[in-house]
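The values are calculated or read from the model by the stated rules, or taken from the named source; none is laboratory data. Note that the structure is a prediction, hence the values are computed from the model and not measured. Cβ atoms come from the backbone with ideal geometry, glycine included; neighbour counts cover every protein chain shown.
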Amino acid sequence: MRTRADQIYEAFKKFHLENPMVWDLFKQYTFMIIERDFHNYGVAAVFERIRWHVEIETRGELKLNNNFRAYYSRMFESKFPEHEGFFRKRKRISENQEAHDVDIQQWNFGTPKDEMALYRDLAGLP
């Protein structure tokens, strides 16, 4: 069964590849927080800072889906394992839900079925 988590992850990968500046900003703002000696922080605040920068400071437009927060935070920790646990995480409940019947572009990236496989896959993204 294709799950909602599969669907969100496919959309995340597509967005990530098409919007590399979001990842750059995510890293930049997260490291700013770490440099201030925070040991953990909320990924939602980083997302809102990215939105502020793009929409207010640069007057650009960005549709940043909150569903992607889990993947950006996990990708950060997969690429910078010395900061494991910086973002608090919850279980992705979408793993137990059927995919929505919506018209989204399908990508054949393969979706991890467990958290460790997800981390390995995220670590390999550019």
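Assorted remarks:
- In region 28-51, the qualifying residues are those that are of a type outside the set (A, V, I, L, M, F, W, C) and either crowded, with 17+ Cβ neighbours inside 10 Å or touching a residue at least 12 places away in the same chain (Cβ under 8 Å) (or both), and the one that is nearest to ARG90 (Cα to Cα) is GLY42.
- When LEU25 is tested against (1) among the aliphatic types (A, V, I, L, M); (2) surrounded by fewer than 17 Cβ atoms within 10 Å (Cβ to Cβ); (3) at pLDDT 95 or above, just one condition goes unmet, and that condition is (2).
- Of all the numbered requirements in (1) part of a helix (DSSP H, G or I); (2) farther than 21 Å from ARG4 by Cα; (3) not acidic (Asp, Glu), PHE38 misses one, and that requirement is (1).
- Test: residue in region 61-72 that is farther than 16 Å from LEU125 by Cβ, among the small types (Gly, Ala, Ser), surrounded by 14 or more Cβ atoms within 10 Å (Cβ to Cβ) and at pLDDT below 95: no
- Yes/no for MET75 being out of contact with any Pro (no Cβ under 9 Å at 6 or more places or on another chain), closer than 20 Å to ARG4 by Cβ, at pLDDT 95 or above and not in a loop (DSSP other than H, G, I, E, B): yes
- Residue in region 90-103 that is of a type in the set (Val, Ile, Thr), surrounded by 16 or more Cβ atoms within 10 Å (Cβ to Cβ) and at pLDDT below 95 present: no
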